[in-house]
Structure formats: C-alpha cells, structure tokens
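The values are calculated or read from the model by the stated rules, or taken from the named source; none is laboratory data. All figures in this text were calculated on a predicted structure; none of them were measured in a lab. Neighbour counts run over all protein chains shown; Cβ positions are idealised from the backbone, glycine included.
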Amino acid sequence: MVDRYYNPFQTADLRIPESFRDDVSRYCQGPTQEGRKTGLGEAPFPRMVDMWFLALCIGAREGKKEDLSHVKMHKFMDGTVLSSDPWRIDAIMLLAISLTEDPAIVAEPGKIIHLANEYAAGGLPDVIDMLKEGDADPIYNLSDNLEHVIKGG
C-alpha cells in the first residue's frame, strides 16, 4: 500500500526568474549539451526544485523577497514534485506562517507558493554566488559557503 501525502501545491507553478535560468540549469544535474550526464561536483543539485528550495530558505533567512510583478519568470515544475519530499510541504507551510505571522494562510496554497517563489527569487543570487565563490568545484564552494552562513559568519 502506498501512503498518500496531502499536497495543496500540486497545481501551483514553481518558478524562477528567467534571468537565472541558465545558472540554475548549470548547477542542476542532467544531460549537458554534449549529451553527457553532469556530475555532482559540477552540479550539486539533483533537481531544480532542490536548488529552488535552498534559495527559498536562504531568501527567507536573509529577508530577501523579490517583487515578481515585473520579472519575467520561468516555470520549471509544478507543485506535484513536492510530493516526492513531503517534508518540504510542511516546511513551506510553516515558513509561510512565520513570514506572514498568519496561520490562516495555510488555507491559501496559491498565496503560499507565490510567497515561496518571491523568497526563492530573492535567495537565488546568493546561492549562485555561493556556488561560484571559492577555488574548488561548485559543490565544495557551496558547502564551504553554507557552513559560513550557518555559523553566522
């Protein structure tokens, strides 16, 4: 028997600013233009949703929220992908409650995902910088820079 998890975001669009599309593709695993699979060292994120989620977390932590009303956006996936990691659904809902200070927001999944997309867009430049800043492969740069962020440096 397969356990089903409640996913209020199934029909929501997960989006990133179009201006970051190439960078996000570069750091997410998948086939390259040459047809070879990108390795973990070059592309630390298995899926775009993984990079989006880290950007959301960094954006929320740093209070960086991007007004998306005048930004060309790229839909990279719908919210069904969140069912593969159901803990993210809870985390996104709890984050929305925290950011809005309104528990009733859980009844408005569209608003929650819009808010998540805004904070992910706000955190994406920091995540991309973390991948690039350093003398090592992107995965090690990211790891070192995240350690610095977590320790409060």
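So which pairs qualify, if the first residue must be in the range 76-87 and within 16 Å of residue 112 (Cα to Cα), the second must be among the small types (Gly, Ala, Ser) and surrounded by 15 or more Cβ atoms within 10 Å (Cβ to Cβ), the Cβ gap must be under 6 Å, and the two must be at least 6 apart or on different chains?
Taking only residues 6 or more apart or on different chains, the pairs are 79/12.
Name the helices (runs of 4 or more DSSP H) wholly inside the range 54-153 in which the number of residues that are within 23 Å of residue 29 (Cβ to Cβ) and of a type in the set (Ser, Thr, Tyr) is 1 or more. Give the steps one after another, and end with the answer.
Working: elements: 86-100, 109-132, 138-150.
Those helices (runs of 4 or more DSSP H) span 138-150.
In the range 25-68, how many residues are of a type outside the set (S, T, N, Q), over 26 Å from residue 86 (Cβ atoms) and modelled with pLDDT under 85?
7
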